[in-house]
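Shown next, in structure tokens, is the structure this report addresses.
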Amino acid sequence: MNYPNYFQSFDINKMLEDYPLGDELLQRFEGMSKAELKKLQNERFLDVMEKAWTIPFYQRIWGDAGVKPQDIKSLDDITKLPLISKSDIMESVERFPPFGDFHGLDNIAPENRPPIVFHTTSGTTGTPQPLLFGPKSREIQSLLVGRSYRFMGLKPASTIQSCYGHGMINGGHYIREAVTHYTNSIFLSAGTGVETRSVQQVNLMKTFGVNVLVGFVDYIKRLSDVAKEEGIVPGKDIKIDMIIGHLGMEGRDAIAQAWGGAELFDWYGVGDTGTIAAEGPDHDGMHVWEDAHYLEILDTETNEVVAPGTVGNMVVTCLYKDDVYPIIRFNTHDITEELLTENKISFPFKRIRGFMGRSDNMVKLRGINIYPQGVGPMLEERKEFLGEFICKAIRDENGRDEFIVYVEVDVKPEDRANLLPEYKTLLKQKIGIEVGIELVGEGELTALTQVDVRQKPIRLLDERVM
């Protein structure tokens with residue numbers, strides 16, 4: 001039987017023309033007006049909407065909200081559409097197992113169906129979520145990573161070692177595709193410490209002359225310690241000039257110094273959407289790839305658009321996913337804020353500060369919102385802080401909530417008690433209320449954070465509801 005292969009399923013030359021990278025990215029967008037960008041976004045949004053209206057998932061959700069196709073005439077009407085989130089996707093999976101009804105494949109005849117790339121989320125917060133990609137949207141997703149790396153200043157013929165995990169999750173796979181399809185770098189798919197032991201990872205770097213590390217920076221920082229334990233000197237035996245990771249609000253100096261002065265770059269995306277924004281050579285926030293995504297920043301409680309420069313949830317509409325699994329007003333529950341300073345690169349794109357925490361992982365304590373991921377950067381000014389921490393939320397017998405921060409420090413056990421007041425004062429100043437502090441030695445939190453085996457270390461243990 002005849003059916004399309006991967007590269008027959010889309011026009012790759014048109015894709016490269018529509019989504020430029022390298023020098024063509026600058027030529028296309030430098031100096032473009034906001035009006036020109038909005039016109040491009042509007043055209044792509046309407047194409048995505050046309051596909052989405054054929055999918056039972058959106059027919060149901062939009063129909064329940066009383067929205068009709070004729071109500072959405074342009075991108076300006078997007079706020080008429082209800083938000084969706086992971087919970088809606090998982091409800092779809094539960095009602096229509098095993099893949100749900102959100103992808104749009106069910107009404108395509110088998111002989112016409114495009115090849116499908118299938119992954120899942122990690123499942124760290126419950127049942128893994130299916131992630132399905134058609135060839136066109138998969139390649140654009142990968143291209144946007146390659147675009148980001150080249151925009152940052154990736155050198156020709158670099159050697160890149162990836163610490164992203166593989167298996168069923170999307171991360172390591174589409175990073176590999178991005179590097180091998182859209183750069184001319186050599187790619188080492190080392191993966192996590194479970195897939196390739198940390199000692200072996202640092203030896204791979206030394207043996208093959210790795211000059212770029214990509215992955216989650218918590219583990220990349222840990223690898224610098226492993227290298228030193230092995231007698232390998234970062235900056236001398238391993239010459240890393242570029243680290244591309246997910247920095248969030250983490251302090252950069254300690255990581256850069258640990259790797260001999262490497263230059264750090266941040267980027268943001270989620271498994272469903274791919275890369276949404278990336279830091280550039282200007283190191284002035286992250287540029288949102290607005291030719292591929294329409295990003296709204298909404299109030300975490302009311303879902304109303306916040307004033308520019310105000311913290312809110314990132315809600316994403318993918319403007320390129322008009323083949324499989326359209327994503328329209330997807331609430332990531334990741335929070336950020338738009339930067340309002342002048343864009344030095346003269347792109348029409350908005351810039352965001354980056355990942356600042358999760359609204360669904362927030363602890364509200366006596367009227368103060370605490371984002372666990374944001375606690376680490378608060379501790380960076382302490383020279384004895386080793387970079388690892390975990391927060392615990394508890395509820396005492398009187399129903400009062402308490403918040404305790406456990407911190408790894410390079411201090412002898414007998415001297416730690418003397419430091420507690422300083423740490424309490426520091427966090428009270430930065431958070432706004434007093435929280436509990438426990439100081440521990442190096443490695444004592446590894447079993448709790450799982451930094452050596454997880455891509456995203458655990459930063460909150462919520463024991464209030466058992």
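The values are calculated or read from the model by the stated rules, or taken from the named source; none is laboratory data. From a predicted model like this one, the values you see are computed outputs, not experimental measurements. Ideal geometry is used to build each Cβ from the backbone, glycine not excepted, and the neighbour counts take in all protein chains shown. Just so you know, the surface numbers come from the protein's heavy atoms only, side chains and all, with ligands and any DNA or RNA stripped out. Shrake-Rupley method; radii C 1.70, N 1.55, O 1.52, S 1.80 Å.
Only residues that are surrounded by 21 or more Cβ atoms within 10 Å (Cβ to Cβ), under 10 Å from the mean Cα position of the chain (by Cα) and outside any loop (DSSP other than H, G, I, E, B): list them for the range 256-277, please.
The answer is D266, W267, Y268, G269, G274, T275, I276, A277.
If you check W289, W267, which single one turns out to be among the hydrophobic types (A, V, I, L, M, F, W, C), at pLDDT 95 or above, more than 21 Å from C163 (Cβ to Cβ) and touching a helix residue (DSSP H, G or I) at 6+ places or on another chain (Cβ under 6 Å)?
It is W289.
Only one of G248, G357 is of a type outside the set (S, T, N, Q) and open to solvent by 10 Å² or more (accessible area, probe 1.4 Å). Can you tell me which?
G248
Go through the range 425-445 and give me each residue that's in a helix (DSSP H, G or I) and either modelled with pLDDT of 95 or more or under 16 Å from E380 (Cβ atoms) (or both).
T425, L426, L427, Q429, K430, I431
Somewhere in the range 358-365, is a residue modelled with pLDDT of 80 or more and in a loop (DSSP other than H, G, I, E, B)?
No: the range 358-365 contains no residue that is modelled with pLDDT of 80 or more and in a loop (DSSP other than H, G, I, E, B).
If a residue must be within 14 Å of C391 (Cα to Cα), of a type in the set (G, A, S) and either open to solvent by less than 80 Å² (accessible area, probe 1.4 Å) or touching a His at 6+ places or on another chain (Cβ under 6 Å) (or both), how many such residues does the range 424-466 contain?
Counting residues in the range 424-466 that are within 14 Å of C391 (Cα to Cα), of a type in the set (G, A, S) and either open to solvent by less than 80 Å² (accessible area, probe 1.4 Å) or touching a His at 6+ places or on another chain (Cβ under 6 Å) (or both) gives 1.
Determine, yes or no, whether L26 is closer than 17 Å to L319 by Cα and either open to solvent by 20 Å² or more (accessible area, probe 1.4 Å) or in contact with a helix residue (DSSP H, G or I) (Cβ under 8 Å, 6 or more places away or on another chain) (or both).
no
Quick check on this structure: which one of L420, L448, L386 is outside any strand (DSSP E or B) and touching a residue at least 24 places away in the same chain (Cβ under 8 Å)?
None of the others qualify; the one that does is L448.
Output the number of residues of the range 116-134 satisfying the condition of being surrounded by fewer than 16 Cβ atoms within 10 Å (Cβ to Cβ) and assigned to a loop (DSSP other than H, G, I, E, B).
Of the residues in that region, 5 qualify.
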